[in-house]
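The values are calculated or read from the model by the stated rules, or taken from the named source; none is laboratory data. In this text the structure is predicted, and so the values were computed from the model without any measurement. With ideal geometry, Cβ positions are generated from the backbone for all residues, glycine too; neighbour counts draw on all protein chains shown. All accessible areas refer to the heavy atoms of the entire protein, side chains included, with ligands and DNA or RNA removed. Shrake-Rupley method; radii C 1.70, N 1.55, O 1.52, S 1.80 Å.
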Number of protein chains: 2
Amino acid sequence: MSKVIQVGNISIGGNNPIRVQSMCNTNTRDVVSTVAQIKRLEALGCEIIRVAVPDSVAAEAISSIIPQITIPLIADIHFDYKLAIEAMQNGAAAVRINPGNIGGRENTCKVLEVAADMGRAVRVGVNSGSLERDLLSAHGVTAEALVKSALRQLEILESVNFSNYKVSIKASSVPLTVEAYKLFTKHSDAPLHVGVTEAGTKRMGTIKSAVGIGALLLQGIGDTIRVSLTAEPEEEIHAAWGILTAAGVRKRGVEIISCPTCGRTEIDLIALAERVEALCDTVHREITVAVMGCVVNGPGEAKEADYGVAGGRGVGLLFRKGEIVKKVNENELLSELMKMINADQ
Amino acid sequence: MSKVIQVGNISIGGNNPIRVQSMCNTNTRDVVSTVAQIKRLEALGCEIIRVAVPDSVAAEAISSIIPQITIPLIADIHFDYKLAIEAMQNGAAAVRINPGNIGGRENTCKVLEVAADMGRAVRVGVNSGSLERDLLSAHGVTAEALVKSALRQLEILESVNFSNYKVSIKASSVPLTVEAYKLFTKHSDAPLHVGVTEAGTKRMGTIKSAVGIGALLLQGIGDTIRVSLTAEPEEEIHAAWGILTAAGVRKRGVEIISCPTCGRTEIDLIALAERVEALCDTVHREITVAVMGCVVNGPGEAKEADYGVAGGRGVGLLFRKGEIVKKVNENELLSELMKMINADQ
């Protein structure tokens, strides 16, 4: 079990729910756009937000952003430890620093001093693309090198008794990412921020993130997740909740179970399932709804679902927990299903 | 290591590549539509195709379909063992039977006799929705029940020395699916057809399949995969190759690595990455292409990529294996990248 740390008003690690986070792709200096994006992400279930802090103007903008949002904000820092300090002084609940480019013990300790004084958290974010040179030449881009980079940084944190930290160890290769996180858990109980870096476009990036983050979650590894997509961050939140739901560790809203269409299917199941999914976006109970294309096998195969429909040749069956409730015409299937679900609210 | 079996001209198991399969959603009796769909799927990388065989007319249609396709065809059978026999007699390379509904030893043995005589394969396809009643009441819907259902059926196959079989053990719950496959490998070295059943719509079904199939592949489990989506089967093939690529077990074409956009990004990276992905659909070499939004970090972070671009403020860098090749204007970035990739063909 990982340790628990505090990022603003959110606890991460231990038995806490696995937290969903994303990163703004707005210019942080543009406070209006950044706040608007964060509020859209909050509404979709984003629990922690990160922003890039490339300069002092961006660090200063944080003080204008924070009063307008309700979730903790993390400042993403590369190269310049002074920006990490400014970001915390302007209200960032945490800073992400990269051991590969923050510049050694002295700079790190200056960041830690401010973080400790102000009760802020630190993420040590190792990335396969920016490993220290000596580790690279000794080990190449391997799980060993990634873990050593993290542990070396943690020694600095521990040496000054700074314990409010979490760790990420990301690579764009999924097997390497999974291997590195697993290896790290043998050396540390720090809470883990889990993700695959530079995962790619919405299509491929979602798959890579699902394979990598999902494999780790199924092994009990991961305390907060970020899906990195070359896409709007809203897509990252959708994918993150999908992965948490799939891995069975957390749920948000309705889970749709639907059978693949086959030669036995006698209704337009693809359209029906898509419409059920869309209508259920407004149902906030954590239920499972089955959309099956076969009146013979459907109710039985989906008996674990809370509600379901099975359609065939013009008629459909409504069922609840595998028990058939009634038979309706195909064109009433969708409205009757939603009526049944909403009646139980 | 799993055993090797033969499905038509394709070997499955052992050190063979993990095979990609899908299932037609056409009416199998409609030979023209079914053949057209199979040929589309073949072109996308489908290596084995399954069709539903709900009646004798469908079983007969198989004899017209097979001469027009080049990949092995598997007949999907429920309830009626006679349809399995007819399908094989009409040329099916394998039949999928469900221990929960095929009707016991006697019927199974009749199927096996024909399969053995004709050199056909059998998939024992256990499904959490159609478990035998006694297993259900003894164990509930658990990994134990699923594995016992499979092993009970395998005893019948082994008792008549039939060994050209593979096994699937699917549930719509991802953690249950993964647990069941892992448990099964402790009891048998049969090659495994891996998938998550009733996974859902394209969006959620892809994520569930990636988490479940991906987690198993990363542990070395799985010899052939099927992504089940409530979507056109073309989507299943795209997702299957995506999962194989992400898990690092097989590649087809170009893998795009692209960084998430952030406050440092100064070009329209989402559009650029999507366009690179689309243009690379016609590149059949197995290469990695990086699309990065930062001229400072980009080339270094993506040094494992074969080719890459990093864009910023009107200009971009082209790089190869982390080495900068040249600087170009942003509007030439895409054409120059493709020129560099194609020059190496």
Charges on Cβ only, +1 for Lys and Arg, -1 for Asp and Glu, centred on the Cα centroid of the protein assembly as shown; of A:Asn101, B:Ala180, A:Ser63, which one is farthest towards the dipole's positive end?
B:Ala180
If we restrict to alpha carbons, what Rg and Dmax does segment A:254-343 come to, in Å?
11.4, 34
Please arrange A:Lys303, B:Lys166, A:Lys82 by accessible surface area, largest first, computed with a 1.4 Å probe and ligands excluded.
A:Lys82, A:Lys303, B:Lys166
Report, as an integer, the average count of C-beta atoms from other chains found within 10 Å of each Cβ along B:19-31.
2
Quick one: accessible area per residue over the protein assembly as shown, 1.4 Å probe, rounded to a whole number of Å²?
36 Å²
Can you give the local net charge around B:Ala92? Use residues other than it whose beta-carbon is closer than 10 angstrom to its beta-carbon, Lys and Arg +1, Asp and Glu -1.
+1
Once Rh is set to the Kirkwood radius over Cα pairs, what Stokes-Einstein translational diffusion coefficient, in µm²/s, holds for segment B:158-285 at a temperature of 37 °C and a viscosity of 0.692 mPa s?
199 µm²/s
Please give me the summed charge of the neighbours of A:Asp306: other residues whose Cβ is under 13 Å from its Cβ, Lys and Arg +1, Asp and Glu -1.
0
What percentages make up the Cα-Cα pair-distance distribution of segment B:109-189 when the bins are 10 Å wide from 0?
18, 48, 28, 6
Computed on Cα atoms, Rg of segment B:1-133 relative to 2.2 N^0.38 Å comes out at 1.01
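Output the Kirkwood hydrodynamic radius of the protein assembly as shown, Cα pairs only, in Å rounded to one decimal.
On the way: mean 1/r = 0.0379 Å⁻¹.
Taking every pair of different Cα atoms in the protein assembly as shown, averaging 1/r and inverting gives 26.4 Å.
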Ignoring ligands and nucleic acids, chains A and B bury, in total, an accessible area (1.4 Å probe) to the nearest 100 Å² of about 5700 Å²
In segment B:255-283, the residues losing 50 Å² or more of accessible area (1.4 Å probe, heavy atoms of protein chains only) relative to their chain alone are B:Ile257, B:Ser258, B:Pro260, B:Thr261, B:Gly263, B:Arg264, B:Ile270, B:Glu277
Treat every Asp and Glu Cβ in the protein assembly as shown as -1 and every Lys and Arg Cβ as +1, leave all other atoms uncharged, and give the resulting dipole magnitude about the Cα centre to the nearest 20 debye.
740 debye
Taking a ≥ b ≥ c as the square roots of the eigenvalues of the Cα gyration tensor, with a/c under 1.5 meaning rounded and otherwise prolate when a/b exceeds b/c and oblate if not, segment A:70-220 is prolate
Could you work out Rg/(2.2 N^0.38 Å) for chain A, with Rg from alpha carbons only?
1.14
Compute the label-point distances linking A:Lys3 to its equivalents in the other copies; points lie 7 Å from Cα along Cα→Cβ; give nm, one decimal, shortest first.
5.2
Using label points projected 7 Å from each Cα along Cα→Cβ, tell me how many nm separate A:Ser137 and A:Val283, to one decimal.
6.2 nm
Once you charge only the Cβ atoms, +1 for Lys and Arg and -1 for Asp and Glu, what is the size of the charge dipole of segment B:254-343 about its Cα centre, to the nearest 20 debye?
320 debye
Measure off, as a whole percent, the carbon and sulfur share of the 1.4 Å-probe accessible area of the protein assembly as shown, all protein chains present.
49 percent
For B:Thr70, what charge total do you get from the other residues with a beta carbon under 15 Å from its beta carbon, if Lys and Arg give +1 and Asp and Glu give -1?
+1
With chain B treated as a Gaussian network of Cα nodes joined by springs under 10 Å, which of B:Gly91, B:Gly45, B:Gly314 yields the largest mean-square fluctuation?
B:Gly314
Under unit Cβ charges (Lys, Arg +1; Asp, Glu -1), what dipole magnitude, rounded to 20 debye, does segment B:5-246 have relative to its Cα centre?
380 debye
Give the value in nm², to one decimal: projected area of the alpha carbon convex hull of segment A:83-142, averaged over all directions.
4.2 nm²
Which whole number gives the average, over all residues in B:240-247, of C-beta atoms from other chains lying within 10 Å of the residue C-beta?
6
